[in-house]
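Colleague: Have a look at this one before I ask anything.
Derivation of every value follows stated rules applied to the coordinates shown; laboratory data play no part. Keep in mind the model is a prediction, meaning the values are calculated, not measured. In this analysis, Cβ positions are derived from the backbone assuming ideal geometry, glycine residues included, and neighbour counts consider all displayed protein chains.
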Amino acid sequence: MFSQRMQSGGRRVGPSCEPAGRIHSNRRTFPMITRIDHLGIAVRSLDEAIAHYEQALGLKCEHREDVPSQKVRTAFFAVGEVHLELLEPTSPDSPVAKFLEKNGEGLHHVAYATTDIVGQLQQAVGSGVKLIHEKPIEGAAGKLVAFLHPKSTYGVLTEFCMEKSS
């Protein structure tokens, strides 16, 4: 479909797309989402998963961290500018433990870096998106995070994250 909208010479035909990461309101633009920050992957054993990612894929675990607010232990791997975040539950009532019970191991969430997490949440609510977190909470790697309900995001658990210093 994308190629059908391209003419020879690389010009688009059909509806135009605005630059990614910008919202338009009253003719002003506000940069918010800047990139995919990480992909969260739910695992039962962090140690086993780290060994697998290092041995099978040749990746190097950069950082491990406990995140009490989410009742998980995490491990991060850099893959270009995006990270993989392995998530192991630390409590049977954690969201990740419930995910594992229902779905098994696998992709848990997609996280988008934003320059304005509060503004991003306001934009989502204004568009009818159901929030899991109405306000940002402490997340891994020194970031503030907030999640959107997957029923409002086409089945994908979506996270906004922002450096605390931003």
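Colleague: Please compare each pair in Lys135/Lys164; Lys71/Lys143; Lys130/Lys164; Lys130/Lys151; Lys60/Lys143; Lys102/Lys143 to a cut-off of 18 Å on the Cα-Cα distance and tell me which ones are over it. Could you put the intermediate results ahead of the total?
Modeller: Numbers: Lys135/Lys164 14 Å; Lys71/Lys143 16 Å; Lys130/Lys164 24 Å; Lys130/Lys151 8 Å; Lys60/Lys143 21 Å; Lys102/Lys143 28 Å.
Lys130/Lys164; Lys60/Lys143; Lys102/Lys143, as the Cα separations exceed 18 Å there.
Colleague: Additional query: Lys/Arg Cβ at +1, Asp/Glu Cβ at -1, dipole of the range 24-163 taken about the Cα centre: which of Ser91, Val110, Tyr53 is farthest positive-ward?
Modeller: Val110
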